[in-house]
Structures are given as C-alpha cells and as structure tokens.
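Below: the structure, in structure tokens.
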Amino acid sequence: MKVLQFPLVRITLCFVGGIIFSQFTKPHLLLLIILLFCGLGSLCFLYFKTKKELLQNSSFGIATLFTSFVIGMFALSSSNQTLNKNHYLHQINAEDNEITCELIIKEKLKNTLNNDRYVVETIQINDKKSYGKLILNIRKDSTLPIIEVGSQLYVDGTFYKNRKPNNPNQFDYGKYLVNQQIYAQVYADANDVKINPIIAKSISYYASKLRNRIIKNLEKNNFNKTELGVVVALILGQQQDISQEVIRDYQYAGAVHVLSVSGLHVGCILLFVTFLLKPIPNTKRGSFIKLILVIVSLWTFGILAGLAPSVVRSVTMFSFVAVGMFLRRSINIYNTLLTSALLILLIKPSFLFDIGFQLSYVALFFIVWLQPLLTSIWTPKNKIVSYFWDIITVSFAAQIGTFPLSIYYFHQFPGLFFITNIVILPGLSIILGIGVVVMLLAAFNVVWIPLMKVLEWSIWFLNKIISWVASFEDFIFKDISLTSAMMWSCYFVVIGLVLWFKKPTFKKLAFSFIALLSLQLFTLYANHSSQKNNEFIVFNKKKTTIITERLGNKVTLYSNDSILKTSDDNLALKSYLVANFCKVEKKKNLSNLYYFKDKKILLIDSSAVFLEEAQPDVVIITSSPKINLERMLQSWKPKQIVVDATNFKSYIKVWRETCRKEKIPFHDTSEKGFYKL
C-alpha cells in the first residue's frame, strides 16, 4: 500500500503499537523513562551527525520509529491514575467496604431501574485526602433533589471494586471502566447522601448547565419526551433519556451511529458555521477570523456533546480540515486523520481501546479509501441519482470497513443498513440544521413554537421510518460467532480484495486467497476446539437457577419452566452459546442429582430434599433452603460448596463461615461469578 510510504503513517503505527504493547505487558514506568531518554538522545545525536542527509539516513528512521514506540508505551503507562499515592485503591481495606467519602459529580450517566448513576471524582475517603474516579449509584428516591454536575456530595456508602463478568463470555464491564480510569463503584441510599450548596464550577459544569437549560425550555413548551430524547442524543450527544426500545430499533435498522455525535454531525456543524460566516471577506485577516470562529464553534459543540471519543476525534479532525480550508492549504485526508488520532491518543491513550473510537476511525478510513473505488463503478448523469448513489457508496464503504469489528463486539449485522441510510441521510442534514437553530434559541430562553414543532414532527417521522425498517427482523443477522483471529482474517481478505480491484496483480490476488484460506482455517479450528470442550456451569442469576452441561458444541440447559421457555432471549446464556460456537440441544427441569465426568453433584433447593447417602463431590445450594450445613459437611466431606445468587445474603454469610470452619472450599456466584467444572 502506497499509504504506508508516508513517514507519519509509520510513526503512528509504531506509536499505536507501543500503546498496545504497554496494555498487555505493563512495563515499569522507570524502565520506560530510561528507554525514552535513550530514544530521544539517539535522535538528537543522529540529527547533528547526519544533518545534511537526515531523511535518507536509515539509522535516523529506525531511531524515530523506536522512539515513537516508546512514547506510545510511556503515554499509556503514565496516564495510569493508580500511580498516584493518594489514589483510593491504595487507601481502602479490602475487608472493610463501608466508607465515608467526599465526592464531586463529573458526569451524569444513564440510570438503571433502581439507581441514579454518576461519574464522580473523589476528594476524601474516610477522612483521608483521595484521588481518582468512581461510579456513584444512589438508590432512586423522589425526595432527593436533582444533583447537578459540579455538586459536592458527602456520602456514606458501600465500596466495590470492579469485578470480572458474573457469567461466562459476558461483556467485561469492569475492563471497560478501567479503560476510563474508573476502578470501583459506590452504592448508597438517598438518605445517606448530603449535598453541599457550594458547586465546583468547571467547563463540564457550564456545559451541563447549558444542556439542562435547553432541555427544560423545550420541556416547558411540551416537546414530546420520546422525540426530545432523540434530539438531545442527535445534537448534544446525551443518550441518558432515550428508551431502550428506540435504541434497539436504531441498532436493528443499522442507524445507531445517528444517535452518537460523530463526523456526520460535526461536518454538518462545520458547513453550517461556514455558511453563516460567508459575509466576512476572504482576505488574509478575514480568513483568520473565520478560522478562529469555526474552531471555537466546533470545540464548543464538542464540550456540549460531552467530549466522547467519537466527538473528540471528529472535532479534532475537522479542526485540521478547517485550517486547510481557510488558510488555503491542500488537505491530505490521510495525514489529517492520522494527526487527529496522534493528538487524541497522546492526550488520552486509553481511547484506543474504546469501541466507539475504533469504529469511528475504521469507518472514516474506509470511506476515504474505498468509497472512490465504489463510486467509479457507475457515474450517473442525473444529479439527484448521483446524490443518492454517493450516499449508497459511502454507506457501503463504512459498513464494509466496520462489519468485522461490529460482529466481533456485538455478534449481529443489520442487513438493511443501505435502505436506512438512503431514506434518512438526505433529510438528516435538514433535521440537524433545524435542531441546531432550535437548541441555540432555547439556550437563550427563546423557543419559537412553529420551528420547534417542525423539529418534533421530523424526529417523529424519523423514528417511524427507523421502526419500520427494524421490523423486518429476518434481515437482522444475529448471534454470529467470531473470534479475534477470524476478525483479523476478515480484514485481510477485504484489504486484499480492495487492493486487487484498485490495481490487479497476481501478488495481491494471492494475498487475498491466503487471507481467505486463513479465515476458513481459523473457523474450522474454532469449531474443532468447541467440539473438544466439556464443562458444567452454574450461572449467576439473582432470581433463578441456571445450569448448563456442555458436551462439545451441544448444551443441555437445566432451569425452571419460565427460563426454559424464554432461553432464546436470555442474554447471559446467549453470550455463552455464541462465544463457544454451540447451541442448546436439550432443555430439562432442575433435578437433585447430576453426574459430570467423575464428579457426583448434588443440588439442594428450597424444598431441602436430598439423599442422605449421596456422598457428593460438589454441593450446589439454591433458593435459601433451611439446612444444617455443618452436619452435612461432617457427614459427606464434599470437595466443593457452591451457592448461587438465589440465596439470602444472611444465609450465605453463615454458610461461608461454616465452610471456613470445616476447611471446605466455598464458591459464592454473587461474589466470584459463575462456577465451572
């Protein structure tokens, strides 16, 4: 690929490689500082030694790439907040998770069924100066006043470190939070929260205040709640108030990117502001004034949208585009893309592991790289047809680029994405334009009802279209199994074929066939590995007991009738089946006795019925039975006690102590997650 010949591409790849290497190896910071000084020192030495033939000197190039790699490692390692001696992880005793803390609200998150959720910065924990971000969960209470961003709270709550997934192959939310520098959560009742009237005012506070003013002004004028949630997501990047049903429809229709502020939205803002600034003359001074106003407008929009990774990426990139536009410099889109990525990752290297960041950059790269090839297939003479053809090619280029990543992370693919984009994209720019005007007016406490109603009806119509497309569920390909090796093979196949179509050669065709062969081999290997695995799993579910016995790719499911009937919609079970290339062959009600390999497994439920002479190797306790566990342990001497999340916590506490006393291993799924033999 010619693009690899650009020095900036190689530097960026080495920098990204350093971040990835640091993520998995966790090198010591002192070692990285030494390597960084060595790299920078060698660059300075080679610069002064070979100044005349600098760019032709291979030693200087190697030193540059090595230094870029080390800077990538150093950027990620030095951004680790736990290195601070006052970080709360160094202050809280693992055995005592009841804490008193002083916190500042940094961000409002989407609420759960029972809790209001916030990202907070710690000030003090247990009367000690503290540092680091947490997630605060406050049990919902109508008496608790609205808590603003910047509010200072005094909280008595329960501290929990991030845990591994409760069930096999489940999304690792704890790992996701660690990438956001969040290592724990605090749970508290509303009456254990005191709000300080003094508010810490920052950019986040003013941005939140402005967003809230806009939303309140629209609510006062009876803007429909469902449509308002979509508008706030569409323009302000806040998805907290969108219903799960609406989000699901957008996912199934292949239009979920519309709800996440990204390049599409920022590009529209750039065009809109540029249009407003047309009266300013295109002199040197006028162009400079335009540039400053455009960049300020873009970053103001980015702050309002919460500075999410996709927003930061888009605003940074379009800021460089604006520089080229107004200073009349030629724009190399690849260099613009890479420069924005480098700047973002230098400041926030953990963004590299953000799913949205990855999808955004991959989609944009494929639009720039692949869309011209798709456009060249056909050149319509009619302008209207040409406009829709451009939409189709852009949509296909983005989907081709992102489908391996999407399937790897989400295990589904919307088959009607191109129809969705043809229908909604032409009108979306108009909706965004109207929405920006309505939001700006609402920010100044002005709501022009006719324009607001046009926006409301437009969103209503948009939702109806999305819902209609999403209703064709036969075109939504779900539960697709894909390993990381298969994903990379997919990308090599796509890259090889695109290169061959651009300029056919035997080497490129051979590369494509080798990539396709590797994809088939990895698929066969994954299926073969699945055939060899046998395991017995007790899942962690609060209100019901779920047990699976897997022999190869065939699974027998044991549970109650309600779970057996709805097993196809059970997310915990579905994640396990998809990740392991297997399916449920049999469904059975729970029984008291199981045999797995050379193990005898006894299940004791609320009926407390069990065989006196069972002599089990493993005892599973569910539904809080009234039993004398100490007598049972002394009689049977089992090798393992397993209790699931259907038991009362008070019972589990007593049973844990009994097992400790009898020196028998105890596994509580609500604490340690699923149990597997």
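The values are calculated or read from the model by the stated rules, or taken from the named source; none is laboratory data. As the structure is a computational prediction, the values presented were derived from the model and not from experiment. Glycine also receives a Cβ, built like all others from the backbone with ideal geometry; neighbour counts cover every protein chain displayed. Keep in mind that these areas ignore ligands, DNA and RNA; they rest on the heavy atoms of the full protein, side chains included. Shrake-Rupley method; radii C 1.70, N 1.55, O 1.52, S 1.80 Å.
Tell me, which residue of region 235-283 that is touching a Gly at 6+ places or on another chain (Cβ under 6 Å) and outside any helix (DSSP H, G or I) is surrounded by the most Cβ atoms within 10 Å (Cβ to Cβ)?
Within region 235-283, the match that is surrounded by the most Cβ atoms within 10 Å (Cβ to Cβ) is V261.
So, in region 79-117, of the ones that are among the hydroxyl-bearing types (S, T, Y) and outside any loop (DSSP other than H, G, I, E, B), which residue ends up least open to solvent (accessible area, probe 1.4 Å)? Please lay out each step first, then the result.
As a first pass, look at region 79-117 and keep what is among the hydroxyl-bearing types (S, T, Y): 79, 82, 88, 100, 112.
Of the ones still in play, those that are also outside any loop (DSSP other than H, G, I, E, B) are 82, 88, 100.
Values: T82: 28, Y88: 0, T100: 76 Å².
Taking the candidates together, the pick is Y88.
How about region 417-456: which of its residues are closer than 22 Å to G254 by Cβ and buried (at least 18 other Cβ atoms within 10 Å of the Cβ)? I'd like the intermediate steps shown before the answer.
At the first step, the residues of region 417-456 found to be closer than 22 Å to G254 by Cβ are 417-432, 435.
Within region 417-456, F417, I419, T420, N421, V423, I424, L425, L428, I431, L432, G435 qualify.
Given the conditions (1) surrounded by 20 or more Cβ atoms within 10 Å (Cβ to Cβ); (2) free of Cβ contacts under 8 Å to residues at least 60 places away in the same chain, and given that I123 satisfies all but one, which numbered condition is not satisfied?
Here I123 meets the rest and fails (1).
Report the residue count in region 126-157 for those that are surrounded by 15 or more Cβ atoms within 10 Å (Cβ to Cβ) and not hydrophobic (A, V, I, L, M, F, W, C). Working first, answer last.
Start the filter on region 126-157 by keeping residues that are surrounded by 15 or more Cβ atoms within 10 Å (Cβ to Cβ), which leaves 126, 130-139, 144, 147, 149-157.
Now drop any that are not not hydrophobic (A, V, I, L, M, F, W, C), which leaves 126, 130-133, 137, 139, 150-152, 154, 156-157.
Number satisfying all stated conditions: 13.
Out of Y576, Y595, report the one residue that is closer than 30 Å to N527 by Cα, touching a strand residue (DSSP E or B) at 6+ places or on another chain (Cβ under 9 Å), open to solvent by less than 60 Å² (accessible area, probe 1.4 Å) and of a type in the set (F, W, Y). Reasoning before the result, please.
Values: Y595 fails: open to solvent by less than 60 Å² (accessible area, probe 1.4 Å).
Matching residue, one of Y576, Y595: Y576.
Condition test on Q185, is it of a type outside the set (S, T, Y), over 30 Å from T544 (Cβ atoms) and open to solvent by less than 50 Å² (accessible area, probe 1.4 Å)? It would help to see each step written out before you state the result.
Numbers: of a type outside the set (S, T, Y): yes; over 30 Å from T544 (Cβ atoms): no; open to solvent by less than 50 Å² (accessible area, probe 1.4 Å): yes.
So Q185 does not fit the description; no.
Within region 624-645, which residues are of a type outside the set (A, V, I, L, M), part of a loop (DSSP other than H, G, I, E, B) and at pLDDT below 85?
Looking only at region 624-645, we keep the residues that are of a type outside the set (A, V, I, L, M), and these are 624-626, 628, 630-631, 634-640, 644.
Now narrow it down to the ones that are part of a loop (DSSP other than H, G, I, E, B): 624-626, 628, 637-639, 644.
Across region 624-645, the qualifying residues are S624, P625, K626, N628, K637, P638.
Looking at region 476-495, is at least one residue closer than 20 Å to K587 by Cα and not aliphatic (A, V, I, L, M)? Let's see the steps before the verdict.
Here is the first cut: in region 476-495, the residues closer than 20 Å to K587 by Cα are 479.
Narrowing further to those that are not aliphatic (A, V, I, L, M): 479.
Scanning region 476-495, I find at least one residue that is closer than 20 Å to K587 by Cα and not aliphatic (A, V, I, L, M), so the answer is yes.
Mind listing whichever residues of region 310-365 are charged (D, E, K, R), open to solvent by 40 Å² or more (accessible area, probe 1.4 Å) and either within 21 Å of L405 (Cβ to Cβ) or modelled with pLDDT of 80 or more (or both)? Give the steps one after another, and end with the answer.
Residues of region 310-365 charged (D, E, K, R): 313, 328-329, 348, 354.
If we keep only those that are open to solvent by 40 Å² or more (accessible area, probe 1.4 Å) too, we end up with 328-329, 348.
Hit for region 310-365 is K348, nothing else.
Conditions tested, residue by residue: (1) assigned to a strand (DSSP E or B); (2) closer than 13 Å to C101 by Cβ; (3) touching a residue at least 40 places away in the same chain (Cβ under 8 Å).
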residue: V119; (1), (2), (3): yes, no, yes
residue: I147; (1), (2), (3): no, no, yes
residue: D156; (1), (2), (3): yes, yes, yes
residue: F171; (1), (2), (3): no, no, yes
residue: K175; (1), (2), (3): no, no, no
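When you check D172 against the structure, is it out of contact with any strand residue (DSSP E or B) (no Cβ under 8 Å at 6 or more places or on another chain) and either open to solvent by less than 20 Å² (accessible area, probe 1.4 Å) or closer than 22 Å to K26 by Cα (or both), yes or no? I'd like the intermediate steps shown before the answer.
Numbers: out of contact with any strand residue (DSSP E or B) (no Cβ under 8 Å at 6 or more places or on another chain): yes; either open to solvent by less than 20 Å² (accessible area, probe 1.4 Å) or closer than 22 Å to K26 by Cα (or both): yes.
So D172 fits the description; yes.
Tell me which of these T100 doesn't satisfy, since it passes every other one: (1) under 30 Å from H28 (Cβ atoms); (2) touching a residue at least 12 places away in the same chain (Cβ under 8 Å).
The single condition T100 does not satisfy is (1).
Looking at (1) open to solvent by less than 50 Å² (accessible area, probe 1.4 Å); (2) more than 30 Å from N463 (Cβ to Cβ); (3) under 26 Å from the mean Cα position of the chain (by Cα), which is the only condition A200 fails?
Going through the list (1) open to solvent by less than 50 Å² (accessible area, probe 1.4 Å); (2) more than 30 Å from N463 (Cβ to Cβ); (3) under 26 Å from the mean Cα position of the chain (by Cα), A200 breaks only (3).
Quick check: is even one residue across region 20-39 of a type in the set (G, A, S), at pLDDT 85 or above and open to solvent by less than 30 Å² (accessible area, probe 1.4 Å)?
Initial filter on region 20-39 (of a type in the set (G, A, S)): 22, 39.
Next, from what is left, pick out any that are at pLDDT 85 or above: 22.
Retained after the next criterion (residues that are open to solvent by less than 30 Å² (accessible area, probe 1.4 Å)): 22.
Yes, some residue in region 20-39 is of a type in the set (G, A, S), at pLDDT 85 or above and open to solvent by less than 30 Å² (accessible area, probe 1.4 Å).
Of all the residues that make up region 650-669, how many are more than 21 Å from S635 (Cα to Cα) and touching a residue at least 12 places away in the same chain (Cβ under 8 Å)?
So the count comes out to 2.
Pull up region 495-528, narrow it to residues that are under 20 Å from A579 (Cβ atoms) and of a type in the set (S, T, Y), then point me to the one that is least open to solvent (accessible area, probe 1.4 Å).
T523
Among the residues of region 203-219, is there at least one that is open to solvent by 30 Å² or more (accessible area, probe 1.4 Å), under 30 Å from N126 (Cα atoms) and in a strand (DSSP E or B)?
No, the conditions are met nowhere in region 203-219.
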